[in-house]
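Have a look at the structure below, then the notes.
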Amino acid sequence: MGVLNRSNILLGISFCEYLRSIERSLLPIGLMCVLFVNSVPSAFADSIRIREEKIKVAVIYKLLKFVEWPEESIRDGDSFCMCIVGKNQFGNTLDNLNGQHIKGSVVDVAYPSSIEQLDYCHALFITGADDGELREFLRQDSSRPLLTIGESDGFIDRGGMIGLFTKNNRVRFEINVKSAKNNGLAMSYQLQRLARKIIQ
Amino acid sequence: MLNYLEASIGRKFNYTVTFTTGFALCIACGAFVLADISLLREHMARNILVLAKLTGTNSSGALIFEDKIGAKDILMNLDAEPHVVSAALYTSDDQLMVRYFRKSTFPAKVPERLPEDYLGYEGNQLIVVHRLKFDGEAIGGIYIASDLKGVEVHAYHLIKIIAIILIVTLIFSVFLSTWIQKKLVRPILALTKLVNKVAKDNDFSLRATKTSNDELGVVMDGFNVMLDQINHFAFYDHLTNLANRHTFNRLLDSSLILARRNKQRLAVIFLDLDNFKRINDTLGHGIGDLLLKTEAKRLLDCVRGSDYIARIGSEKSSGDRSVARFGGDEFAVLINDIRHPKNAGIVADRILAALSIPVLLDGYNVFTTPSIGIAIFPDDGEDADILLKNADTAMYQAKKEGKGSFRLYHQDMNANAHKRLSLEEQLRKALERGEISLHYQPLINGYTGKIKGAEALMRWENSVFGTVSPIEFIPIAEEIGLITKLGEWALLTACRQAKYWSDQGLKPFQIAVNLSSVQFHQDGLVGIIENVLVESGLAAENLVLELTESLVMKDSEKSIGALNQLKTMGLQLAVDDFGTGYSSLSYLKRFPIDYLKIDRSFIKDVTTNLEDASITTAIITLAHSLNLQVVAEGVETIEQEAFLKGKGCDKMQGYLYSKPMASSQFEQYYKAHTKVLCKLLE
């Protein structure tokens with residue numbers, strides 16, 4: 001499975017701990033990492049970012065388990081279409097989702113280029129800090145059950161369903177249950193419990 | 001408890017039922033409690049599994065997102081289940097993620113690593129381990145441990161309730177069984193009471209009332225049958241099926257009461273079978289019994305057939321009880337309400353006729369006759385004992401006067417009976433008291449006129465009765481079995497006397513002694529006579545035994561044998577009262593006799609009656625031709641003497657010479673007679 005095996009996810013959930021484990025052997029360097037996480041040379045910052053991305057992907061994968069699509073939209077044997085848009089800084093990481101099993105279907109990662117192509121998606125990850133042209137899209141309720149996940153600030157306030165953010169070196173998420181419901185999706189109460197913020 | 005076997009049936013029943021019920025209840029309750037607790041434990045296990053599953057599912061988010069705090073929160077919910085002691089959640093690599101302890105049970109332990117799925121009891125805890133899956137993936141596991149206090153409390157309450165129920169039920173069952181046993185046991189107790197009453201009062205007429213058809217009913221039936229049998233045995237004679245003496249007496253008593261009240265006569269008939277003893281002895285007791293049975297049945301038929309049968313009140317025919325066997329060969333018949341004593345005689349006649357018919361028993365033709373005595377109430381007595389006694393006396397009289405007849409009681413009979421009884425008593429002591437003596441009648445030589453010897457005759461001088469002739473007392477002696485002793489005494493005394501006289505110079509002295517039938521036929525006669533001769537010292541030739549014709553002729557073969565033995569000893573034998581008995585002349589030549597004594601009845605008219613003369617002459621001739629000597633008895637006149645002398649009679653005896661005398665008188669007579677003779681010869 002590569003990146004997304006268990007041990008990695010475990011480590012990934014708290015990359016802070018991961019960092020710390022490095023710190024133990026490289027104490028001074030670790031300290032510096034914590035203090036100068038933002039001022040580290042870009043290569044190092046890149047690796048941190050990649051880690052964060054990996055963690056986010058893992059989280060997304062887990063999140064998908066706690067959302068219910070209507071029956072007609074996912075049928076046995078069909079593939080689960082995971083669409084990615086936006087300034088993709090995740091690179092190959094997202095592709096790791098390919099072939100994973102979600103709710104009895106196989107994940108198929110796609111990179112649609114137009115809004116119309118979004119019809120085929122089950123879940124949509126809007127990467128980047130800015131939603132761009134999809135802002136309007138987010139606000140709309142459509143009959144198409146599409147789970148929107150984003151990582152921009154206030155994502156759920158704008159109608160997004162799940163917003164990922166990093167806080168205290170942890171990837172957290174907030175959810176908009178109302179938006180999900182309006183689009184025919186149901187969110188497990190477990191999400192509600194784990195989410196930082198909920199819009200009902 | 002210890003006295004179970006000794007307890008009454010009712011109590012036994014109670015114990016048994018109570019014990020059985022208690023035992024069954026205990027088993028049932030025990031089983032119930034066990035089953036209940038077992039079910040409870042199962043239930044608890046299922047519950048905890050459900051709890052584990054629920055909690056686990058609840059925690060899937062926390063487990064997937066590794067949210068320890070969330071997970072802990074979820075486990076804290078287990079506070080709601082008061083029996084949970086500890087719990088833990090594990091991540092997908094079996095590592096312990098978060099644990100929970102109920103405050104009061106801290107520090108309970110949880111496993112460090114997730115064990116395999118498990119649901120069961122370990123020690124005093126219920127443990128469940130459940131591995132969790134979410135969306136087909138293993139996400140970790142949950143462990144919960146709970147205590148068993150729930151079970152304990154439940155069990156405690158359950159047992160408390162069961163115990164109360166048990167005790168209440170037991171008490172109730174005790175009462176119930178007490179009530180039931182009364183019903184069941186009552187007939188047994190009634191039967192027990194009946195048994196006791198029968199035993200105490202000897203009343204075999206009581207019967208048990210059957211109350212049920214079960215085994216107890218069977219016992220009651222059996223008991224009644226036994227009572228019937230006992231009753232029968234107690235009141236009836238087994239052999240003849242007639243009433244027994246006891247029953248008859250009771251009937252007599254009640255009949256007398258009625259007769260007194262109604263001023264009626266009744267008759268008591270007493271009878272026995274003549275010569276029954278002899279029949280029993282000769283033909284055996286089997287035949288004797290058969291005879292009794294036959295005669296009893298005849299008697300019953302005879303009495304029933306008559307018009308005078310006792311019936312008392314509304315009882316069923318007491319004709320069955322009015323004929324009784326008194327024992328041995330004695331029977332009694334009760335006849336109620338007879339108009340006249342002679343009517344009893346009519347019945348007696350019928351009985352006589354019926355019982356005298358010969359009976360064919362086992363090939364033997366048996367003849368017997370009854371002797372019957374009748375006593376009438378109130379003429380011959382007012383009371384049962386007296387009536388019976390008098391009937392018995394009358395029967396005895398009938399016997400005496402020639403068997404096979406009946407006699408109505410008469411006062412005089414009593415005197416006779418009394419006398420007879422007294423005579424018997426006196427006779428028994430007579431020998432001891434020396435009241436018996438021998439008198440001697442001289443025997444005269446027919447040719448020489450000399451005294452050749454004497455015949456010894458018994459005499460009895462009794463203080464009460466005076467002189468009792470042998471004709472009276474000899475038969476009594478024979479009947480009471482005294483004759484042997486008397487006879488022996490007489491023999492011995494006579495021999496001694498003869499020896500004495502011989503020694504005194506009274507020439508060789510022959511003494512003649514009468515031998516009775518009983519003496520002659522007894523075993524060891526020869527031995528006895530030998531002893532007597534030895535003891536007295538008398539030579540055998542000097543002893544003459546006088547035997548009657550009939551005595552000799554009876555059992556002739558045996559008699560000949562005995563006589564021959566006696567002859568061998570040297571004795572002389574004479575046939576007494578010759579000519580009056582059954583004499584068979586052919587025996588005469590076979591019997592080793594020495595003398596024939598002509599009976600006095602021929603001598604009495606020998607000079608006046610031609611026939612007597614002829615007979616006497618004939619006897620003398622016959623005797624002489626057989627080489628026998630002749631003795632004439634009862635010579636009283638000189639003419640008789642002359643006649644006899646003329647015919648050649650060897651010896652003579654009679655009043656002409658002397659009456660029988662006591663020994664001292666005889667001596668005197670002898671001396672005087674001899675002197676005279678000597679004088680004559682001179």
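Where does the longest stretch of chain B lie that holds no trypsin sites (Lys or Arg not before Pro) found in a DSSP loop with 12 or fewer other Cβ atoms within 10 Å?
On the way: sites that count: B:LYS109, B:LYS263, B:LYS316, B:ARG339.
Longest stretch, sites excluded: B:340-682.
Past 28 Å, Cα to Cα, is the threshold; run B:LYS485/B:LYS507; B:LYS293/B:LYS400; B:LYS499/B:LYS567 against it and keep the listed order.
Details: B:LYS485/B:LYS507 30 Å; B:LYS293/B:LYS400 26 Å; B:LYS499/B:LYS567 20 Å.
Correct reply: B:LYS485/B:LYS507.
Bin width 5 Å, alpha-carbon pairs only: give the P(r) of the stretch B:9-155 as whole percents, running from 0 to the bin holding the largest distance.
Final binned percentages: 2, 9, 17, 18, 14, 9, 6, 5, 4, 4, 3, 3, 2, 2, 1, 0, 0.
Among A:ASP119, B:ASP577, what is the fewest-to-most ranking by other Cβ atoms within 10 Å?
Details: A:ASP119 12, B:ASP577 20.
Ordered from fewest to most neighbouring Cβ atoms within 10 Å, A:ASP119, B:ASP577 come out as A:ASP119, B:ASP577.
For chain B, return all DSSP H helices satisfying: extent of Cα atoms along own axis at least 30 Å; mean Kyte-Doolittle hydropathy at least 0.5.
Details: long enough: B:9-58 (71 Å, 0.72); B:149-201 (73 Å, 1.00); B:411-433 (33 Å, -1.34); B:483-504 (31 Å, -0.37).
Qualifying helices: B:9-58, B:149-201.
Which of the lysines could a cross-linker bridge to B:LYS160, judged by Cα under 21 Å and excluding same-chain residues fewer than eight apart?
Leaving aside lysines fewer than 8 places away in the same chain, those within reach of B:LYS160 are B:LYS149.
Rounded to the nearest 5, what % of the DSSP beta bridges within chain B are antiparallel ones?
Values: 64 of 91 bridges.
Of those bridges, close to 70 percent are antiparallel.
Please give the Cα centre distance for the stretch B:463-495 versus the stretch B:592-649, rounded to the nearest Å.
Between the Cα centre of the stretch B:463-495 and that of the stretch B:592-649, the gap is 29 Å.
For B:ARG207 and B:ASN77 in the same chain, what is the full-extension length gain: residue separation times 0.36 nm, less their Cα-Cα distance, in nm? Before the final figure, lay out the partial values.
Values: separation 130, 0.36 × 130 = 46.80 nm, distance 8.61 nm.
Gain in length upon complete extension: 38.2 nm.
Would you list B:LEU283, A:LEU63, B:LEU533 from fewest to most Cβ contacts within 10 Å? Can you show the working numbers first?
Details: B:LEU283 16, A:LEU63 24, B:LEU533 21.
With the sparsest Cβ surroundings first, the list reads B:LEU283, B:LEU533, A:LEU63.
Hey, what did the stretch B:9-155 get for relative contact order, percent, Cα under 8 Å, at least 6 apart? Before the final figure, lay out the partial values.
Numbers: 208 pairs, mean separation 34.1, N = 147.
Relative contact order of the stretch B:9-155: 23 percent.
Take the Cβ-Cβ distance between B:ASP379 and B:LYS293 as r, set R0 to 56 Å, and report the resulting FRET efficiency rounded to the nearest 0.05. Working shown, then result.
On the way: r = 34 Å, r/R0 = 0.60.
My answer for the efficiency is 0.95.
What FRET efficiency would be calculated for the residue pair B:ASN224, B:THR169, taking the C-beta separation as r and a Förster radius of 51 Å, to the nearest 0.05? Spell out each step's value before the answer.
Details: r = 42 Å, r/R0 = 0.82.
According to the calculation, E is roughly 0.75.
Got a sec? Charge dipole of the protein assembly as shown, +1 on Cβ for Lys and Arg, -1 for Asp and Glu; which of B:ASN336, B:THR169, A:ILE55 is way out at the positive end?
A:ILE55
When the Cα centres of the stretch B:396-424 and the stretch B:198-238 are compared, how far apart do they sit, in Å?
What the calculation gives is 44 Å, centre to centre.
If you take all C-alpha pairs in the stretch B:429-669, what percent of them are over 32 Å apart?
On the way: 5045 of 28920 pairs.
Every Cα pair in the stretch B:429-669 considered, those over 32 Å come to 17 percent.
I'd like the projected area of the protein assembly as shown, averaged over all directions, using the convex hull of its alpha carbons. Report it in nm² with one decimal. Kindly include the intermediate steps, with their values, before the conclusion.
Values: hull surface 334.2 nm².
About 83.5 nm², averaged over all directions.
Other chains near B:91-98: what is the mean number of their Cβ atoms within 10 Å of each residue's Cβ? Present the calculation step by step, with values, prior to reporting the outcome.
Details: counts 2, 3, 3, 0, 1, 0, 0, 0.
Counting Cβ atoms of other protein chains within 10 Å of each residue's Cβ and averaging gives 1.
Which one of B:VAL153, B:ASN231, B:ALA7 is farthest out on the positive end of the charge dipole of chain B, using unit charges on Cβ (Lys, Arg +1; Asp, Glu -1) and the Cα centre as origin?
Positive-most Cα among the choices belongs to B:VAL153.
Rounded to the nearest 0.05, what FRET efficiency is calculated for B:GLU535 and B:HIS418 with R0 set to 60 Å and r the Cβ-Cβ distance? Could the numbers behind the result be given before it?
Working: r = 39 Å, r/R0 = 0.65.
Efficiency, rounded to the nearest 0.05: 0.95.
So what are the radius of gyration and Dmax for the Cα set of chain B, in Å?
56.8, 191
Report relative contact order for the stretch B:429-669 in percent, whole number only (criteria: Cα-Cα under 8 Å, sequence separation at least 6). Kindly include the intermediate steps, with their values, before the conclusion.
Values: 390 pairs, mean separation 46.5, N = 241.
Reported relative contact order: 19 percent.
Can you tell me how much longer the chain between B:THR20 and B:VAL518 gets when fully stretched, taken as 0.36 nm per residue apart minus their C-alpha distance, in nm with one decimal?
171.2 nm
Which ordering of A:GLU53, B:GLU424, B:GLU152 is given by a fewest-first count of other beta-carbon atoms within 10 Å? Before the final figure, lay out the partial values.
Details: A:GLU53 21, B:GLU424 15, B:GLU152 12.
Final ranking by Cβ density, sparse to dense: B:GLU152, B:GLU424, A:GLU53.
Which of rounded, prolate or oblate describes the stretch A:69-199 when judged by the alpha-carbon gyration tensor and an a/c cut-off of 1.5? Before the final figure, lay out the partial values.
Details: a/c = 1.26, a/b = 1.16, b/c = 1.09.
Rounded shape, in that the Cα axes give a/c under 1.5.
If one computes P(r) from the Cα atoms of the stretch B:378-480, what percent of pairs lie at distances over 17 Å? Intermediate values should be presented prior to the final figure.
Details: 3370 of 5253 pairs.
Here the long-distance tail beyond 17 Å is 64 percent of all Cα pairs in the stretch B:378-480.
Quote the relative contact order of chain B in percent (integer), defining contacts as alpha-carbon pairs under 8 Å separated by 6+ residues. It would help to have the intermediate numbers written out before the result.
Details: 1005 pairs, mean separation 47.7, N = 682.
Taking the mean separation of contacting Cα pairs over the length of chain B, I get 7 percent.
With the cut-off at 30 Å, tell me which of the pairs B:LYS68/B:LYS109; A:LYS65/A:LYS197; B:LYS277/B:LYS604; B:LYS197/B:LYS263; B:LYS558/B:LYS659 have Cα atoms farther apart than that. Provide the component values of the computation, followed by the final result.
Working: B:LYS68/B:LYS109 19 Å; A:LYS65/A:LYS197 19 Å; B:LYS277/B:LYS604 39 Å; B:LYS197/B:LYS263 36 Å; B:LYS558/B:LYS659 35 Å.
Table pairs above 30 Å Cα-Cα are B:LYS277/B:LYS604; B:LYS197/B:LYS263; B:LYS558/B:LYS659.
Need one value for B:51-63: mean number of C-beta atoms belonging to other chains within 10 Å of its residues' C-beta atoms.
Numbers: counts 0, 0, 0, 0, 0, 0, 1, 3, 1, 4, 11, 3, 1.
The mean count of partner-chain Cβ atoms within 10 Å per residue comes to 2.
Per-residue ellipticity at 222 nm for chain B, helices alone: DSSP H runs ≥ 4 residues times -39500 (n - 2.57), over residue total, nearest 500 deg cm²/dmol? List each step's numbers first, then the result.
Values: 22 runs with 365 residues, N = 682.
Mean residue ellipticity at 222 nm (helix-derived): -18000 deg cm²/dmol.
Values in this text are rule-based calculations from the coordinates and carry no lab data. What you see is a predicted model; the values in this text were computed from it and never measured. Please note: Cβ atoms are built from the backbone with ideal geometry, for glycine as well, and neighbour counts cover all protein chains shown.
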